[in-house]
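Written out below as structure tokens is the structure these notes cover.
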Amino acid sequence: MSQELDLSLATRPNNTAAVPAILDEFNSLYSTLETGGEATRHALVLKARSLLHALQSPREQMIQHTWADPGLNAAIITGVDVGLFKLMVKNGVDTPQKVSNLAGPLGVDPVLLGRLMRHICAMGHLVETGPDEYKPTNFSKSLSLDVISAGYSALLGGIGRSPIEFNKFLRDTNYQNPVDAAHTAMHSAYNTDLPNCFEYLRSVGLGPQTNNHMGGYRQGRLPWSHPEIYPVAETLFAGADPSPDAPLVVDVAGGLGHDINEFKALYPNHPGKLILQDLPVVINDVKGIDPSIELMSHDFLTEQPVKGARAYFMHSILHDWPDDVCTQILSRLADAMKPGYSKLLIFECVIARTGAHWEATAGDILMMTQLSALERTEDHWHKLIEGSGLNLKITKFWKCARPDVENVIECELA
Ligand SMILES: C[S@@+](CC[C@H](N)C(=O)[O-])C[C@H]1O[C@@H](n2cnc3c(N)ncnc32)[C@H](O)[C@@H]1O
């Protein structure tokens, strides 16, 4: 029988009775933080979130989601845009800074800046040192770093309407799971017929910020070639063609080269050569990576020019595309692979069937709303790679203990 809810439910804390148990669990986990490392810290963050939810009322949560978080985003995107956080760091991270002194160099109305900084502070991301006077926290200091701030400019400032207006797109598409890369919520929200959000972001001058975000979201995660995830020496180096021109790893759509450069730093004496591929517009922007890495413009929908490499590597590529486009990308690689020698290494999130990690589910919604794409479960990866007539098979999912780190999905020709 349906039940009418009493509105007072929305104004009472969600579950104060749960607080003592959460605190006990929190304290017990906290006592193992030093030995438990990142996995324990992640578990503590989830416990802290449970504590917050237990204490908040539904009304407060609604206000947070609909007023406070969008307001914070508006303030941070603007702050990044005008250089607020870079200026605060330049002035001295421990120096109390008056809004009136910041506003002039930034070219922003001091009244406006004061209102934006007051909300950033109220949300816990500036420390108030006096009336209209603040110091940055570690988070707001980090917003002076391009790889951290770029997501605000690109994902929120550039294409932030796509998730907000997703419901309108779904209304128009009869609530079907989106699978058409050429017709996404991004296309509807921005009334564009450019091929995808990457092209759209470039068209509005946010290409560098998009590439910087690719360098930012990975920070703090283990690289794919770290021995805790993928034992490169045993799986790639052993049996690799030792001649200096033999392609060892081709980083397909490797962006600005973060992964391949990390590989070089971890294994400076690797056999063969390393190649970074991406679209010309991205390759032209690559700078500061090891000069031994060969740069190559390549569209992954066309024939793969490097044949018979020891490994073709792709990081965060297939999750950008629905299955039909992934099959085209994979078929170009399968055609270039040498039987019994080449491996295809896909470094991607594998969503757990239960208890999925929030970064994985967030990535899934991001891919869905911007690209009609998705993060995949293990079953889905098998179906995509082995069920598309590509002559490929998954040999192993290489994973580490941390739920926020991607798997290396190792494949070979079947
Ligand atoms: C999500 S980013 C991942 C970049 C990099 N692998 C990383 O993990 O940092 C997707 C990349 O795919 C590239 N890309 C998109 N369409 C492409 C195409 N048709 N051919 C080659 N690269 C493409 C983009 O330029 C971008 O660098």
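In region 236-249 there is at least one residue that is under 25 Å from residue 386 (Cβ atoms), under 27 Å from the mean Cα position of the chain (by Cα) and in contact (Cβ under 8 Å) with a residue 24 or more places away in the chain.
In region 310-414, counting only helices (runs of 4 or more DSSP H) that sit wholly within it, the ones holding 3 or more residues that are closer than 25 Å to residue 220 by Cβ span 358-371. Considering region 138-196, the qualifying helices (runs of 4 or more DSSP H), each wholly inside and each with 2 or more residues that are within 16 Å of the ligand (Cβ to nearest atom) and open to solvent by 50 Å² or more (accessible area, probe 1.4 Å), run over 146-151. When region 305-335 is filtered for residues that are near the ligand (Cβ under 10 Å from one of its atoms) and within 17 Å of residue 261 (Cα to Cα), the ones remaining, listed by number, are 313, 314, 315, 316. Which members of region 276-300 meet the condition of being β-branched (Val, Ile, Thr) and touching a helix residue (DSSP H, G or I) at 6+ places or on another chain (Cβ under 8 Å)? 281, 282, 289, 293, listed by residue number. Considering the conditions (1) modelled with pLDDT of 95 or more; (2) open to solvent by less than 20 Å² (accessible area, probe 1.4 Å); (3) of a type outside the set (S, T, N, Q); (4) within 16 Å of the ligand (Cβ to nearest atom), residue 215 is excluded by exactly one of them, (1).
Of all residues in region 236-257, which are within 16 Å of the ligand (Cβ to nearest atom) and not hydrophobic (A, V, I, L, M, F, W, C)? Once the filter is applied, which keeps residues that are within 16 Å of the ligand (Cβ to nearest atom) and not hydrophobic (A, V, I, L, M, F, W, C), region 236-257 yields 251, 254, 255, 257. For region 258-304, filtered to residues that are β-branched (Val, Ile, Thr) and either near the ligand (Cβ under 10 Å from one of its atoms) or in the same structural domain as residue 212 (by TED's automatic domain parsing) (or both), the residue that is surrounded by the most Cβ atoms within 10 Å (Cβ to Cβ) is 260.
Only one of 86, 98 is of a type in the set (D, E, K, R), at pLDDT 95 or above, surrounded by 15 or more Cβ atoms within 10 Å (Cβ to Cβ) and under 25 Å from the mean Cα position of the chain (by Cα). Can you tell me which?
86
The values are calculated or read from the model by the stated rules, or taken from the named source; none is laboratory data. Fair warning: this is a prediction, and the values are worked out from it, not measured in the lab. Because the Cβ atoms are built from the backbone with ideal geometry, glycine has one as well, and the counts that use them run over all protein chains shown. Protein only, heavy atoms only, side chains kept; ligands, DNA and RNA dropped before computing areas. Shrake-Rupley method; radii C 1.70, N 1.55, O 1.52, S 1.80 Å.
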